[in-house]
Amino acid sequence: MKDKTMLIHYKEEREKYMGAVVPPIFQNSLFTFENYDELDAAFGSPESANIYTRGNNPTVTLVEEKIAMLCGGQDAKMFASGMGAISSAILHFVKSGDHIITINNVYGPANNFIKHYLKEKCNVDSTYVEGKKVSDFEDAIQPNTSLIYLESPSSVVFSLQDLEGVVALAKKHGIKTVIDNTWATPIFQKPLELGIDLEVHSCSKYIGGHSDVVAGVVVGSSKDIREIKKNEAALLGAKMAPFEAWLILRSLRTLAIRMKEHQKNTLEVLRFLEEHKAVGTIYHPASSTFDQKELFEKQMSGYSGLLAFELKADDLEQIKSFMNSLEYFKVGVSWGGHESLVIIPAVAYLKEMTKEQFKALNICLGTVRLSIGLEDVSDLVEDLRRALKKIQ
Ligand SMILES: Cc1ncc(COP(=O)(O)O)c(C=O)c1O
């Protein structure tokens, strides 16, 4: 079964549900048992038995099975958000006294979790590297390094890490690897097949795809996922709700065709931006100035629709005027849904960090982030053309 067929038919078991083409939602908190022996058997395998929905629920399990299959993992665990998945995956591999290596442009709250929360509450140290070269990671290894946390492409600047190279290095030193694969989705990148230990996604982005769910998932080996279910998922309790799992099931059926369309629209928007004189550096793996094309070809098979570019504007009023002039690009956080979005990352970053920290991220006040949606691309290009006039 190819991915697209699998997402529609795998594990649907329609004969169990009166032939319903879409499975029902198991909207229940607990499961009852016929007798002592049945209860006893369920408690014998709490990681897979349906006992209580904080642990397992058939609607959630179905999504986990499909996502695990899509990513080439043995099992998956859904969480209430991408951050629930990220913090659980990281906690699974670290203990007090350990050291993590991650990248400068890692997603903001993942950065806060590693740099501040883990340091202050769990005595876990961290080193940040650019991550474009495997040697960046090699140079940062310490005797207590237990985890390399990747995000490829990274946030805001969308630079890549060499997944096979980092895996080889990590395995040599007995270090575990986790990757945030939200940007590429499992349609365009399959890190587990390259040897990464755990893959995490914010399903609030493309996997959900309709801007109506906040969710996350961790995918990996049966052993790692069994332990995550028993520990981080059950004890911290960031569980996925059955209705949200059901919405994600709906979304998965169109993931591959949505990604193709996001890619098509994005490539057209990029060609337009590259020709425009008010646009400076463009950050996206398909931009003509992207300097890791070979690595892209080696480990990815497509482009998603989140990009950033520098407006050639020297004051905040011009930047505001550009953003306020857009009609179809709605102003908002998040990305990966059907609708196009615009945000100026500086608005959030300057509230959380000093100007020097902000500069070290390689972004500036005029950096604009766009999420390219599924509208007709000619409308999107016209919208940008109109708004960019404000800069000239
Ligand atoms: C790259 C990346 N990873 C993870 C997350 C966190 O996901 P969630 O908002 O579902 O917790 C986000 C959210 O914006 C993100 O951009």
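The values are calculated or read from the model by the stated rules, or taken from the named source; none is laboratory data. If you're wondering where the values come from, they're calculated on a predicted model, not measured in any experiment. Cβ: placed from backbone, ideal geometry, glycine included. Neighbour counts: every protein chain shown.
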Candidates 86, 114, 51, 101 - the one that is over 23 Å from residue 235 (Cα atoms) and either buried (at least 18 other Cβ atoms within 10 Å of the Cβ) or not aromatic (Phe, Trp, Tyr) (or both):
101
Within region 142-169, residues in contact with a Ser or Thr (Cβ under 8 Å, 6 or more places away or on another chain), surrounded by fewer than 24 Cβ atoms within 10 Å (Cβ to Cβ) and without any contact (Cβ under 8 Å) to a residue 40 or more places away in the chain come out as 167
Write out, first by first residue and then by second, each pair whose Cβ atoms fall under 6 Å of each other, whose residues are 6+ apart or on separate chains, and whose first residue, in region 319-333, is within 14 Å of residue 384 (Cβ to Cβ) and among the charged types (D, E, K, R) while the second is assigned to a helix (DSSP H, G or I) and at pLDDT below 95.
none
Going by what's in this entry, would residue 23 be described as in a loop (DSSP other than H, G, I, E, B), out of contact with any His (no Cβ under 8 Å at 6 or more places or on another chain), under 16 Å from residue 247 (Cβ atoms) and in contact (Cβ under 8 Å) with a residue 12 or more places away in the chain?
yes
Could you say whether any residue in region 83-96 is within 16 Å of residue 150 (Cα to Cα) and either modelled with pLDDT under 95 or in contact with a His (Cβ under 8 Å, 6 or more places away or on another chain) (or both)?
yes
Does residue 172 satisfy the criteria of being under 13 Å from the mean Cα position of the chain (by Cα) and either away from the ligand (no atom under 11 Å from the Cβ) or under 24 Å from residue 118 (Cα atoms) (or both)?
no
What residue, of 365, 326, 311, 370, is within 16 Å of the ligand (Cβ to nearest atom), among the hydrophobic types (A, V, I, L, M, F, W, C) and either more than 20 Å from the chain's Cα centre (by Cα) or crowded, with 19+ Cβ neighbours inside 10 Å (or both)?
370
Could you list, in sequence order, the residues of region 157-166 that are at pLDDT 95 or above and farther than 16 Å from residue 140 by Cβ?
158, 159, 160, 163, 164
Using the structure shown, decide if residue 277 is under 22 Å from the mean Cα position of the chain (by Cα), surrounded by fewer than 21 Cβ atoms within 10 Å (Cβ to Cβ) and over 20 Å from residue 337 (Cα atoms).
no
Looking at this structure, is residue 336 modelled with pLDDT of 95 or more and at positive phi?
yes
Members of region 59-90 found to be within 14 Å of the chain's Cα centre (by Cα) and outside any helix (DSSP H, G or I), listed by number:
78, 79, 80, 81
The residue that is farthest from residue 180 (Cα to Cα), considering only those in region 225-234 that are charged (D, E, K, R) and surrounded by fewer than 22 Cβ atoms within 10 Å (Cβ to Cβ), is 230
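A quick yes/no check of all residues on (1) surrounded by 15 or more Cβ atoms within 10 Å (Cβ to Cβ); (2) touching a helix residue (DSSP H, G or I) at 6+ places or on another chain (Cβ under 9 Å); (3) part of a helix (DSSP H, G or I):
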{"site": "218", "(1), (2), (3)": "yes, yes, no"}
{"site": "243", "(1), (2), (3)": "no, yes, yes"}
{"site": "248", "(1), (2), (3)": "yes, yes, yes"}
{"site": "263", "(1), (2), (3)": "yes, yes, yes"}
{"site": "297", "(1), (2), (3)": "no, no, yes"}
When you go through 377, 347 one by one, which is the residue that is crowded, with 17+ Cβ neighbours inside 10 Å and either farther than 21 Å from residue 107 by Cα or within 16 Å of the ligand (Cβ to nearest atom) (or both)?
377
Filter region 97-153 for residues that are of a type in the set (Phe, Trp, Tyr) and within 13 Å of the ligand (Cβ to nearest atom) and give the result.
107, 113, 149
Tell me which residues, restricted to region 206-216, are crowded, with 24+ Cβ neighbours inside 10 Å and within 8 Å of the ligand (Cβ to nearest atom).
215, 216
I'd like to check something: does region 189-197 contain any residue that is within 16 Å of the ligand (Cβ to nearest atom), touching a helix residue (DSSP H, G or I) at 6+ places or on another chain (Cβ under 8 Å), within 30 Å of residue 333 (Cα to Cα) and among the acidic types (Asp, Glu)?
no
